[in-house]
Amino acid sequence: MGDLLPRTKSDIIKQIEHFRVIERTGTVVACGSLENFTDALAEIRSLMVSESIKSSGLGRQIVEELIALAKQRGVKRLMALTYVPAFFHKLGFKTVDKNIFPEKVWGICVNCYKFENCDEIAVLKEL
């Protein structure tokens, strides 16, 4: 969907149960994860679709699965930081100021190399 921020292999392994993955012929072609910050707020992270099959609907499929998972967990607000807000708008998300998510900004973003110059756009869906 855009450029992914780096994550360590150990972080991915630790979070693997929160990932949804689609593979074709043994190759991952789409993925995304759901990370809960609180009982009420979760984030869609690591959303990716292979360049060769973008616009195939797999990104939508992953996000819809993550929305369903968030609802199962009782999450009330689902957010994402993205370079492609229009994709999320089609799924009912609205662009918001990322500072309304102190759990994200001061829990994760503060450690990011882009913290001082973040160019990602925050989107939010009320569930």
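Identify all aspartates and glutamates with a Cα-Cα distance to LYS54 below 17 Å; exclude those on the same chain that are fewer than 8 residues away in sequence.
Here the aspartates and glutamates satisfying the reach criterion relative to LYS54 are ASP3, GLU23, GLU64.
Helix 58-72 versus the longest principal axis of the chain: what is the Cα-based angle in degrees, 0 to 90, to the nearest 10?
Rounded to the nearest ten degrees, it is 50.
Around VAL29, which amide H atoms from residues at least 5 apart in sequence, or from another chain, sit under 5 Å from its own amide H, with H modelled in the peptide plane?
Long-range HN contacts for VAL29: ILE22, GLU23, ARG24.
Distance check, please: which entries in LYS76/LYS98; LYS9/LYS71; LYS9/LYS104; LYS104/LYS125 exceed 26 angstrom between their Cα atoms?
LYS9/LYS71
Can you tell me the length gained on complete extension of the stretch LYS71 to THR27, counting 0.36 nm per residue apart and subtracting the Cα distance?
13.0 nm
Give me the extension gain from ALA40 to VAL96: residue separation times 0.36 nm, minus the current Cα-Cα distance, reported in nm with one decimal.
Additional length available on full extension: 18.5 nm.
For the stretch 9-126, what's the relative contact order in percent, using C-alpha pairs closer than 8 Å and at least 6 residues apart?
Once normalised by length, the contact order is 22 percent.
Any read-out appearing in this document is the output of simple, stated calculations on the displayed coordinates, not a laboratory observation. This one's a predicted model, so the numbers in the text were calculated from it and none came from an experiment.
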